[in-house]
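Read the structure below first, then the notes.
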Amino acid sequence: MSQNDPTTQKRRVRFIKKDFQVRFILKFCLLVLAGTALSTGALFFFSSGTLTSSFQDSRLVIKSTSLAILPVVLYTNLITLALIALATAVVTFIISHRLFGPLYRFEKNLEEIGNGNLVKKIRLRKKDQLTDFVATINNMTSSLNSRVSHIEVGLAEIIETAPLKNLPEETTEELKRLYGKIGTSFKL
């Protein structure tokens, strides 16, 4: 693809829908947070019947184990959650661009074809798993282009020969409107 190709330039700016990535990251982080809260609760519950001794300000202090370790567990969980959230964001951006980037571009190309651009060819990276599917879509688009072009040529011939065949003026005008609709609806 050339540097001036609009799909190439667009691809550099936006690979996939960003709201999908944000929702995925938030859901994953909420799942990790729920797991963290559950494990902290279980640790607090199972250690509540035990005692722990420690030194504070040169004094021996005996506390419930759950209360003694709670601040350390909370700090550890917060740091772990932050690191997992960061790792999730990085991995999600990398993997989603790799997996869903071709699907996003594919969707945009199909929208363009659906809007009547029958000369559009879908191009994906060589290693994408959708290459056979894309080839089928490109063949379909080419076939539609050919068929609509034949209809357009046939209409042009009918319009051209209408005076010789003594077609009513209303019919000729309707054929001209139909011919114009093909020209405005499709890029051939």
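The values are calculated or read from the model by the stated rules, or taken from the named source; none is laboratory data. Because the structure is a prediction, the values reported are computed rather than measured. Positions of Cβ are generated from backbone atoms using ideal geometry, with glycine treated the same way; all protein chains shown enter the neighbour counts.
Being exposed (fewer than 14 other Cβ atoms within 10 Å of the Cβ) and without any contact (Cβ under 8 Å) to a residue 60 or more places away in the chain is the filter; apply it to region 179-188 and report the residue that is farthest from ILE113 (Cα to Cα).
Here is the first cut: in region 179-188, the ones exposed (fewer than 14 other Cβ atoms within 10 Å of the Cβ) are 180-181, 183-185.
Filter once more, keeping what is without any contact (Cβ under 8 Å) to a residue 60 or more places away in the chain: 180-181, 183-184.
Values: GLY180: 19, LYS181: 16, GLY183: 15, THR184: 14 Å.
It comes out as GLY180.
Take GLU152 and tell me if it is exposed (fewer than 11 other Cβ atoms within 10 Å of the Cβ) and over 30 Å from LEU99 (Cα atoms).
On the way: exposed (fewer than 11 other Cβ atoms within 10 Å of the Cβ): no; over 30 Å from LEU99 (Cα atoms): yes.
Considered against the rule, which asks whether it is exposed (fewer than 11 other Cβ atoms within 10 Å of the Cβ) and over 30 Å from LEU99 (Cα atoms), GLU152 comes out as no.
I'd like to verify a number: residues in region 120-140 that are in contact with a helix residue (DSSP H, G or I) (Cβ under 6 Å, 6 or more places away or on another chain) and either within 20 Å of LEU188 (Cβ to Cβ) or without any contact (Cβ under 8 Å) to a residue 12 or more places away in the chain (or both), how many?
Number of matching residues: 3.
Would you mind telling me which numbered condition in (1) within 28 Å of the chain's Cα centre (by Cα); (2) farther than 30 Å from GLY35 by Cα; (3) of a type in the set (A, V, I, L, M, F, W, C) PHE93 fails?
PHE93 satisfies all of (1) within 28 Å of the chain's Cα centre (by Cα); (2) farther than 30 Å from GLY35 by Cα; (3) of a type in the set (A, V, I, L, M, F, W, C) except (2).
Within region 87-111, which residues are free of Cβ contacts under 8 Å to residues at least 24 places away in the same chain and either under 13 Å from GLN21 (Cα atoms) or surrounded by 15 or more Cβ atoms within 10 Å (Cβ to Cβ) (or both)?
Step one: list which residues in region 87-111 are free of Cβ contacts under 8 Å to residues at least 24 places away in the same chain, which gives 87, 90-91, 94-95, 98-99, 107, 111.
Once the filter is applied, which keeps residues that are free of Cβ contacts under 8 Å to residues at least 24 places away in the same chain and either under 13 Å from GLN21 (Cα atoms) or surrounded by 15 or more Cβ atoms within 10 Å (Cβ to Cβ) (or both), region 87-111 yields VAL90, VAL91, ILE94, ILE95, ARG98, LEU99.
Taking region 8-30 as the search range and keeping residues that are of a type in the set (D, E, K, R) and at pLDDT below 75, which one is farthest from ALA82 (Cα to Cα)?
We begin by selecting, within region 8-30, every residue of a type in the set (D, E, K, R); these are 10-12, 14, 17-19, 23, 27.
Subset that is at pLDDT below 75: 10-12, 14, 17.
On the way: LYS10: 32, ARG11: 30, ARG12: 29, ARG14: 26, LYS17: 24 Å.
Per the stated criteria, the residue is LYS10.
Whether any residue in region 163-171 is in a helix (DSSP H, G or I), surrounded by 10 or more Cβ atoms within 10 Å (Cβ to Cβ) and out of contact with any helix residue (DSSP H, G or I) (no Cβ under 9 Å at 6 or more places or on another chain) is what I want to check.
Narrowing region 163-171 to residues in a helix (DSSP H, G or I): 169-171.
Adding the requirement that they be surrounded by 10 or more Cβ atoms within 10 Å (Cβ to Cβ) leaves 171.
From the residues that got through so far, the ones that are out of contact with any helix residue (DSSP H, G or I) (no Cβ under 9 Å at 6 or more places or on another chain) too are 171.
Checked region 163-171: at least one residue is in a helix (DSSP H, G or I), surrounded by 10 or more Cβ atoms within 10 Å (Cβ to Cβ) and out of contact with any helix residue (DSSP H, G or I) (no Cβ under 9 Å at 6 or more places or on another chain).
Looking only at region 43-66, count every residue that is in a loop (DSSP other than H, G, I, E, B) and either touching a residue at least 24 places away in the same chain (Cβ under 8 Å) or loosely packed, with under 10 Cβ neighbours inside 10 Å (or both) and tell me the total.
We begin by selecting, within region 43-66, every residue in a loop (DSSP other than H, G, I, E, B); these are 47-50, 57-58.
Keeping just the survivors that are either touching a residue at least 24 places away in the same chain (Cβ under 8 Å) or loosely packed, with under 10 Cβ neighbours inside 10 Å (or both) gives 49, 57-58.
The qualifying residues number 3.
Provide a single number: the residues in region 116-146 that are assigned to a loop (DSSP other than H, G, I, E, B) and of a type in the set (A, V, I, L, M, F, W, C).
We begin by selecting, within region 116-146, every residue assigned to a loop (DSSP other than H, G, I, E, B); these are 116, 118-130.
From what's left, of a type in the set (A, V, I, L, M, F, W, C): 118-119, 122, 124, 130.
Number satisfying all stated conditions: 5.
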